[in-house]
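The values are calculated or read from the model by the stated rules, or taken from the named source; none is laboratory data. Just so it is clear, the model here is predicted, and its values are computed rather than measured. Note: ideal-geometry Cβ built from the backbone for every residue, glycine included; neighbour counts use all protein chains shown. The area values use the complete protein model at the heavy-atom level, side chains included, leaving out ligands, DNA and RNA. Shrake-Rupley method; radii C 1.70, N 1.55, O 1.52, S 1.80 Å.
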Protein chains: 4
Amino acid sequence: MKAAIVGATGYGGAELIRILQQHPEVTVQSYHSSSQWGGSIVDSYPHMQAVSGKELKAISHEQIAQDADLAFTATPSGVSSKLVPELLKHGIRVIDLSGDFRLKDPRQYEAWYNSKAPDEVILEEAVYGLAEWLDTDVRNAQLIANPGCYPTAALLGLAPLVKHLPIDPASIIIDAKTGVSGAGRKAVPVTHYTEMNDNLKIYKVLEHQHTPEIEQVLSGWNSNAGTITFSTHLVPMTRGIMTTIYIDVPESITAEKLFELYQESYKDCYFVRIRKKGTYPSTKEVYGSNFCDLSLAYDERTNRIMIVSVIDNLVKGAAGQAVQNMNRMFGIDEKTGLDLAPVYP
Amino acid sequence: MKAAIVGATGYGGAELIRILQQHPEVTVQSYHSSSQWGGSIVDSYPHMQAVSGKELKAISHEQIAQDADLAFTATPSGVSSKLVPELLKHGIRVIDLSGDFRLKDPRQYEAWYNSKAPDEVILEEAVYGLAEWLDTDVRNAQLIANPGCYPTAALLGLAPLVKHLPIDPASIIIDAKTGVSGAGRKAVPVTHYTEMNDNLKIYKVLEHQHTPEIEQVLSGWNSNAGTITFSTHLVPMTRGIMTTIYIDVPESITAEKLFELYQESYKDCYFVRIRKKGTYPSTKEVYGSNFCDLSLAYDERTNRIMIVSVIDNLVKGAAGQAVQNMNRMFGIDEKTGLDLAPVYP
Amino acid sequence: MKAAIVGATGYGGAELIRILQQHPEVTVQSYHSSSQWGGSIVDSYPHMQAVSGKELKAISHEQIAQDADLAFTATPSGVSSKLVPELLKHGIRVIDLSGDFRLKDPRQYEAWYNSKAPDEVILEEAVYGLAEWLDTDVRNAQLIANPGCYPTAALLGLAPLVKHLPIDPASIIIDAKTGVSGAGRKAVPVTHYTEMNDNLKIYKVLEHQHTPEIEQVLSGWNSNAGTITFSTHLVPMTRGIMTTIYIDVPESITAEKLFELYQESYKDCYFVRIRKKGTYPSTKEVYGSNFCDLSLAYDERTNRIMIVSVIDNLVKGAAGQAVQNMNRMFGIDEKTGLDLAPVYP
Amino acid sequence: MKAAIVGATGYGGAELIRILQQHPEVTVQSYHSSSQWGGSIVDSYPHMQAVSGKELKAISHEQIAQDADLAFTATPSGVSSKLVPELLKHGIRVIDLSGDFRLKDPRQYEAWYNSKAPDEVILEEAVYGLAEWLDTDVRNAQLIANPGCYPTAALLGLAPLVKHLPIDPASIIIDAKTGVSGAGRKAVPVTHYTEMNDNLKIYKVLEHQHTPEIEQVLSGWNSNAGTITFSTHLVPMTRGIMTTIYIDVPESITAEKLFELYQESYKDCYFVRIRKKGTYPSTKEVYGSNFCDLSLAYDERTNRIMIVSVIDNLVKGAAGQAVQNMNRMFGIDEKTGLDLAPVYP
């Protein structure tokens, strides 16, 4: 199978290169960049010397469609919305890592992204690729909208509960913390080393564009689900997301029942690891891997459940899940090329 | 005025030395340590060379009481409970930085600290020293229980709301994040550099001993207040606490009213800075200072208020607030010796 | 005494504000910025709320000279060279924190800075302000060229040796390491958080503009001194410089003699701390303070001396030394306003 | 081929597990620990859940020799010296990651390690496993002494120069900087997070036990080589070593000739990457990989060469090179199982 990586010089693109370079079933044909084409990927990422010496090419839909079976578009929101329809027109399948094709309702997109939504027909067609909870057979999908990093962590944590227990969806509060790579490669003041080191920031308060993405999926799972509270923090570390989730349960349940539910729900999911009761994951424990680690706690004092989930935002939260989706699209075992042990410490 | 610092080799003690070394109204007579006495403070803290060359002395109640008007006990919980009564017996006033004298109910103490509570008479006498919300004139106090770092950040954020608005106290969720110095100076695996760097951890889930401290104060302020949810995370940074607080408001309010309430409540409090609407503090912005910065947001979509507060856990969350309390005890202007600009970046 | 801070929005300027805000003998009249004037300093530095609410003004030489006795120009190289002569013309004294007036030889400046040198008359007049080794009485100086951060650390380490021992100056190798704040406040790729965190970089190899500054001073101290080797590394930390210096000694000396020499040389220098034999400073041990800590070792196996010096690059390496120079210029005790204990941890 | 990992709970052991888990030609039969046996490796390293659930076994020489063809001993110096001879006696081949079998001269070992040297017969037999510069065919070796992390970085940087150019070996100065994982997993004060974060330390000045290891190899390569200067610094990052090396060249050479020499010397070495002239590696660019990146500069002003080398201390500096050595011992292509792209950012 042949793939092209579009947006190869961003962190998502670089992580796709790292993962696919070891994937036994895929050949990456070409890297594309809208800005830095002409030189080698090594000019942009010296760490790739001897790993990959591929040239960075301009983005030509025809060429990409001709050379590859699948394009990963690791391009920013607002770029993907224009690029992806062109690629689809040329008959190539696409996994898009931006936020452009995740929201079914164009008004939501326009309200949260401050940008024009893609064509509704394509939005309708796009499959939301939360790999453990796909609601369709993606072997026939033309376009997968790869989930956001935060929604991946939050939704994997919430799924069994929201689907199966009588919780109060309006009570859901997701306090999310991310490493700085989630903000991308562009040097801007807020993520200048000196401004971010030894510092903890809260950002995009009540304005994060992943809010409607989470709400859309939750209301698909539970008809009572509506708005939620979602907050995001920048933590002085490179990779990793932790979401700490709080939910009221109207009637008392037992911690044991909770664990059983989660273990049962994820028993066939290699990449979701339920942590032993009373232990909790740290972000470093999934560093560089496609795992999502989950812990649960039930507080009898307040009738509230706490869920803790961690992922590597660039792997399970972006490139890794994209490859997992690719595997499913092409009928390959989902672990193929993704069997990466976390890099610890 | 003459003071003694007991527990001088911990981080709280070292920060007391740093602050008091510039305080114009206090002479620190002696440093005391239960374990490392005999040498100079410089052996324990080389950064103090030329700043202070004082000897570390053993802990002798008589000697301390004879030499000083006030003792700061920056000793661990379980040590203070034994030490402080002895000091009081000798007639010296005490500001205790441990958790031992904060909880009025000994059963609460014993349940959360797994240790025997101090004598109830002394517990009764101890004044809880949240400096901006003291409910008594401390000029006559013999013992001040200096608040915990997390409760300081959380309670300063919650006070105006819990006291004056018809919120639902049971809905309060405090998602707290701390720098690692809060865990103390002892080298243990969880805070080994390699295990903590580039890593985010959640810890003491549903078990943190600051929970009942926060609840006790809230229920003093609002008769409807009972249990709350409080979670704690270790962030890879040295200093700083951020609490992100979520509260349901049964009826709609306006953001403007919220800001007015806070500005009015803290108009005479130099150390509490209300941030401009739409802006949010980062922990580094109070680094090394006694400030507590507060931001507010009201979410119309969910009828929920978010409060963000940050402090330096070793200053406003420990030694700085202790000095602020000392100033009040001795009728000195509360800013004296504490007018430290944040060290930024 | 009245001062103005020009370039108040850079890190050097901000540190001047922090230090001078507590200086008992100085009133800072105004802050100036070439780019961000019009608002308050708090817009640029939210951590200064309640500390300073001064307006940022444009740079008017007349106004500055009229309002203040002294201007600190914390402006970039290339800006100071134009600005300072104008200020001097208006009769105001200046301490310049850039590299523009440090090199006496304009050809050296032009070779290493790739920029036109200032007028030679002014270069001649400028006093190089290495505060512990001033070779003139600065009470009459009009212009002090405040030393670079690296030269400060290296030269304080080398002075006694180069002046008094028969070392081989050509053998001097200075391996320097700095925290990232030394690179300034501007967000650029090399100091983007994600590119710098958990990473160690070497930069400007054989090209660092502080090389001729160090060589100029050394050859003033020792007529045999010529070129040296100087390398610079970026360390993932905010503040701090360490220089590890290697020098051959043609004839054997004893470690004791070495320590005596240093202790004697710096016995009247509060800000230089000679560390106990066999112990070595870390950068955090001078964090936020004006200290320079020095350690020494003599290796009998190789007849080589190692000197280790650490400073806070923004304090002793910039704003702190500038204030120390101001104190000397105005006949004030050099410690005034600078008696800051290191912030540790 | 079957292998056992002894000392599986240290960082070297954990990294062996991570690498070998993907090695197509090796089956790891068992993990052994002297202290933590009885439970699963997941109890010690939660990040290994689903990756490896192997039990930690006690160290039984007989059992290990019976079950495996090769033992990796990732045990501390002083432990390996006793353990390895026992394993060899049982006929199993060994790759030892400690310092115990690297020095041929027992007096050197005893002087620098303060511990009794192993039997001279075994020292003689042990092959020093600097994989790119093996001086013997290791397909018959019984015991490989895997090089230290610093010597690996320094020697790969020095080899072509010391072997082929008329440099002055006595002039060699190696200024080395390491991430904190090099200090091991044990929680001790010097590497407590709060003491190490945002801090740079120099340590073991003139006392580092890797000094004689480097000298031994250099004098094997160049009969003029004797003592060198080697210094070591702790950098606030988890992984990575950079050595900055300075050497005098008695006669002038050209930078071009230097590059040619290095390119030629390493043209068949996949894991050594010569960086483009004028560019320099950072440690993160080899993070998680087995690469050693080298840069060169010749300073015409001082007739001095600078070499910069970086490795991941846990991979090329420990477990990765051990696997590379294993591949050579068993006649497997050296890249097998080690074709790991750096994890960046």
Practice problem: Can you quote the Å³ per residue value for the convex hull of the Cα atoms in region A:110-214, rounded to an integer? | Solution: 157
Quiz prompt | Theoretical ellipticity at 222 nm over the protein assembly as shown - DSSP helices of four or more residues, -39500 (n - 2.57) apiece, nearest 500 | solution = -8000 deg cm²/dmol
Quiz item: D:VAL94's amide H: which non-local residues (gap 5+, or another chain) put their own amide H closer than 5 Å, with H modeled 1.01 Å from N in plane and none for Pro or chain starts?
Solution: D:ALA71, D:LEU143, D:ILE144
Quiz prompt | Loop trypsin sites (Lys or Arg not before Pro), region D:167-198 (other Cβ atoms within 10 Å of the site Cβ: 16 or fewer; DSSP) | solution = D:LYS186
Exercise. May I ask you to list the lysines whose Cα is less than 19 Å away from that of B:LYS89, ignoring any residue fewer than eight positions away on the same chain?
Key: B:LYS2
Quiz item: Across peptide D:303-309, what mean number of C-beta atoms from other chains lies inside 10 Å of a residue's C-beta?
Solution: 3
Self-check item: Of B:LYS82/B:LYS186; A:LYS177/B:LYS335; D:LYS57/D:LYS284; B:LYS177/B:LYS335; C:LYS201/D:LYS163; B:LYS277/C:LYS284, those spanning more than 25 Å from alpha-carbon to alpha-carbon
Solution: A:LYS177/B:LYS335; D:LYS57/D:LYS284; B:LYS177/B:LYS335; C:LYS201/D:LYS163; B:LYS277/C:LYS284
Quiz item: Size of the dipole of region D:150-313 about the Cα centre, Lys and Arg at +1 and Asp and Glu at -1 on the beta carbon, nothing else charged, in debye to 20?
Solution: 460
Self-check item: Exposure ranking of C:CYS269, A:CYS292 by accessible area [1.4 Å probe, largest first]
Solution: C:CYS269, A:CYS292
Quiz prompt | Between region D:185-249 and region A:137-184, the alpha-carbon center distance in angstrom | solution = 45
Exercise. Averaged over every viewing direction, what's the projected area of the C-alpha convex hull for region C:228-300? Give it in nm², one decimal, please.
Key: 6.2
Quiz item: For region A:276-321, what mean projected area does the convex hull of the alpha carbons give, in nm²?
Solution: 3.5
Practice problem: Work out from phi, with θ = phi - 60° and the Karplus expression 6.51 cos²θ - 1.76 cosθ + 1.60, the ³J(HN,Hα) of each residue of region D:272-287, listed in order in whole Hz, and give x for Gly and Pro. | Solution: 10, 10, 7, 7, 4, 3, x, 10, 9, x, 10, 5, 5, 6, 10, 3
Quiz item: Just for the protein assembly as shown, what percent of DSSP beta bridges are antiparallel, to the closest 5?
Solution: 45
Self-check item: chain A, relative contact order in percent, only Cα pairs under 8 angstrom and at least six apart counted
Solution: 17
Quiz item: Ignoring ligands, DNA and RNA, how much accessible area is buried between chains C and A, both sides summed, with a 1.4 Å probe, to the nearest 100 Å²?
Solution: 1600
Quiz item: Across 5 Å bins from the origin, how do the percents of Cα pairs in region B:73-135 run, short distances first?
Solution: 3, 19, 29, 28, 15, 6, 0
Practice problem: Evaluate 2.2 N^0.38 Å with N set to the residue count of region C:150-313, then give the Cα radius of gyration divided by it. | Solution: 1.05
Quiz prompt | Rounded to 10°, Cα long-axis angle of helix D:11-20 versus longest principal axis of chain D | solution = 80
Quiz prompt | Rg to Rh, two decimals, where the protein assembly as shown supplies the alpha carbon set and Rh follows Kirkwood | solution = 0.95
Quiz item: Which three semi-axes in whole Å describe the equivalent ellipsoid of region B:2-125, each the square root of 5 times a Cα gyration tensor eigenvalue, listed largest first?
Solution: 26, 15, 12
Quiz item: With charges set only on the Cβ (+1 for Lys and Arg, -1 for Asp and Glu), what does the dipole of chain B come to about its Cα centre, in debye to the nearest 20?
Solution: 660
Self-check item: Antiparallel %, DSSP beta bridges [both residues in chain B], to 5
Solution: 45
Quiz prompt | Average other protein chain Cβ within 10 Å of Cβ, residues D:172-182 | solution = 5
Quiz prompt | Ranked by how many other beta carbons lie within 10 Å on average, peptides B:69-78, B:246-255 from highest | solution = B:69-78, B:246-255
Quiz item: Sorted by packing (mean other beta-carbon atoms within 10 Å per residue), highest first, where do A:80-87, D:281-288, C:214-221 land?
Solution: D:281-288, A:80-87, C:214-221
Quiz item: Between region D:272-289 and region B:261-317, what is the C-alpha centre distance in whole Å?
Solution: 44
Quiz item: How crowded by other chains is B:332-343, given as the mean number of beta carbons from other chains within 10 Å of each beta carbon?
Solution: 4
Practice problem: Would you mind checking which residues have amide H under 5 Å from B:HIS192's amide H? H placed 1.01 Å from N; only 5 or more apart, or other chain. | Solution: D:TYR193
Quiz item: What is the packing order of peptides B:109-119, B:312-322, taking the mean over residues of other C-beta atoms within 10 Å and listing the highest first?
Solution: B:312-322, B:109-119
Quiz item: Which semi-axes, in whole Å and largest first, does the equivalent ellipsoid of chain D have when worked out from the alpha carbon gyration tensor as the square roots of 5 times its eigenvalues?
Solution: 32, 22, 20
Quiz item: Given the C-alpha centroids of region B:1-72 and region A:6-79, what is the distance between them in whole angstrom?
Solution: 61
Quiz prompt | Karplus (6.51, -1.76, 1.60) ³J(HN,Hα), θ = phi - 60°, over region C:139-154, in Hz, Gly and Pro reported as x | solution = 5, 10, 5, 8, 9, 10, 8, 6, x, x, 5, 4, x, 4, 5, 5
Quiz prompt | Residue-by-residue Karplus 3J(HN,Hα) for region D:250-257, coefficients 6.51, -1.76, 1.60, Hz, glycine and proline x | solution = x, 10, 5, 10, 10, 4, 4, 4
